[in-house]
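Below is one structure, written out as structure tokens, with a few remarks after it.
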Amino acid sequence: MVGEKLIIFDIDGVLIDSYSGIPIFYEKILPNMLGIDRDYSRFLLYMEYIYDQAGTLREEWWPKYFSINEETLTYLLARYWEIRTETSELEPGTRSVLKNLKSRGWIIGSVSYRDDIYGLKLWRIKNAGLHDLFEDIIVVGEDAPSRIEGIRILARKYKPKTIVYVDDKIQNLYRILGKLENIVLVWYRYSWINGVLEKHVSSSRIHVIHNMYELEKLLDEIS
């Protein structure tokens with residue numbers, strides 16, 4: 001399948017709001033599981049946001065802050081993702097906008113980083129009812145070695161004239177600048193930390209949106 005227009009989405013913080021369960025895990029679940037006080041659990045919640053922005057998985061940074069063996073780590077990760085999945089919701093307009101884009105000839109793909117548990121990202125996409133709307137789903141760390149390579153795989157496959165990539169993390173977009181040509185970069189301004197980062201965004205190549213409806217309007221302007 002070759003198309004004129006290809007749009008590629010990150011998942012969490014763009015199509016799925018999976019972040020609301022994070023404070024629940026750190027402030028209510030983790031203290032009881034590890035016997036840590038709530039002040040420290042709130043500190044760990046803060047570090048969660050910092051490491052998430054840096055693209056560091058919990059399996060990498062948790063052992064730096066509390067002593068756990070491999071078995072406990074596996075159990076904690078399962079519980080963490082159970083809470084995030086249970087509290088996840090689609091961003092407003094997600095299904096309707098994706099269906100509308102598809103009907104207008106857009107090829108819809110996804111390139112997003114893997115979760116701590118292999119295979120979980122794809123399962124969560126299916127669980128959210130989005131799987132049928134994608135032509136291709138690439139999970140970085142499982143299907144491709146990097147986000148840029150994942151985008152390149154889809155670009156080579158579909159050979160579109162227009163490529164759009166949407167992500168809620170501005171640092172991911174800046175990594176793409178200068179490495180991929182002829183790509184429209186869109187920052188989905190989701191999380192609270194984006195307010196801190198926004199003043200550093202000065203590239204004319206990065207468009208800023210706040211919801212899926214603004215994305216639809218932007219695509220009308222550029223296509």
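The values are calculated or read from the model by the stated rules, or taken from the named source; none is laboratory data. Quick caveat, the model's predicted, so the values are computed rather than measured. Counting neighbours? That spans all protein chains shown, and the Cβs are built from the backbone with ideal geometry, glycine included. The protein model used for the area step is the full one, side chains on, heavy atoms only, and it has no ligands, DNA or RNA in it. Shrake-Rupley method; radii C 1.70, N 1.55, O 1.52, S 1.80 Å.
Tell me, how many Å apart are the Cα centres for the stretch 2-51 and for the stretch 118-138?
18
Could you sort the peptides 106-116, 63-73, 27-37, 120-130 by per-residue average Cβ neighbour count (10 Å cutoff), highest mean leading?
Highest to lowest by the protection proxy: 106-116, 120-130, 27-37, 63-73.
In percent, what relative contact order does the stretch 141-193 have, based on Cα pairs under 8 Å that are 6 or more apart in sequence?
Here the relative contact order equals 35 percent.
Rounded to the nearest 10 degrees, what's the angle between the helix 38-54 long axis and the longest principal axis of the chain, both from Cα atoms, 0 to 90?
Helix 38-54 sits at roughly 30 degrees to that axis.
Output the pairs from 161/217; 121/161; 64/121; 28/126; 157/179 with a Cα-Cα distance over 26 Å in this structure; if there are none, say none.
Violating the 26 Å limit, Cα to Cα: 121/161; 28/126.
Taking a temperature of 20 °C and a viscosity of 1.002 mPa s, what whole-number D in µm²/s does Stokes-Einstein yield for the stretch 72-130 with Rh from Kirkwood over alpha carbon pairs?
Numbers: Rh = 13.3 Å.
Estimated diffusion coefficient is 161 µm²/s.
Let me know the Kirkwood hydrodynamic radius for the stretch 20-87, please, with Cα pairs as the basis and the value in Å to one decimal.
Answer for the stretch 20-87: a Kirkwood hydrodynamic radius of 12.1 Å.
Over the Cα atoms of the chain, what radius of gyration and what Dmax do you get, in Å?
18.0, 55
Distance in nm between label sites at residue 221 and residue 69, each 7 Å beyond Cα in the beta-carbon direction?
5.7
Quick one: dipole size for the chain, taken about the Cα centre, charges +1 on Lys/Arg Cβ and -1 on Asp/Glu Cβ, in debye to the nearest 20.
700
Express the relative contact order of the chain as a whole percentage, based on alpha carbon pairs under 8 Å and six or more residues apart in sequence.
Normalised by residue count, the contact order of the chain is 29 percent.
Residue farthest toward the positive end of the dipole of the stretch 20-87, with Cβ of Lys/Arg at +1 and Asp/Glu at -1: which of 23, 81, 65?
Going by the charge dipole, the pick is 23.
Near residue 88, within a Cβ-to-Cβ distance under 13 Å, what is the net charge of the other residues, with Lys and Arg +1 and Asp and Glu -1?
-3
Mind checking the alpha-carbon convex hull of the stretch 79-186 and giving the volume per residue in Å³?
On the way: hull volume 12.2 nm³, N = 108.
Per residue, the Cα convex hull of the stretch 79-186 comes to 113 Å³.
Please work out the average accessible area per residue across the stretch 20-87, using the 1.4 Å probe convention, and give it in Å².
53
Between residue 56 and residue 181, what is the FRET efficiency for a Förster distance of 45 Å, r being their Cβ-Cβ separation, to the nearest 0.05?
Numbers: r = 29 Å, r/R0 = 0.64.
E(calc), rounded to 0.05, equals 0.95.
Within the accessible area of the chain, what % is carbon and sulfur when the probe is 1.4 Å and the other protein chains stay in place?
Carbon and sulfur together cover 51 percent of it.
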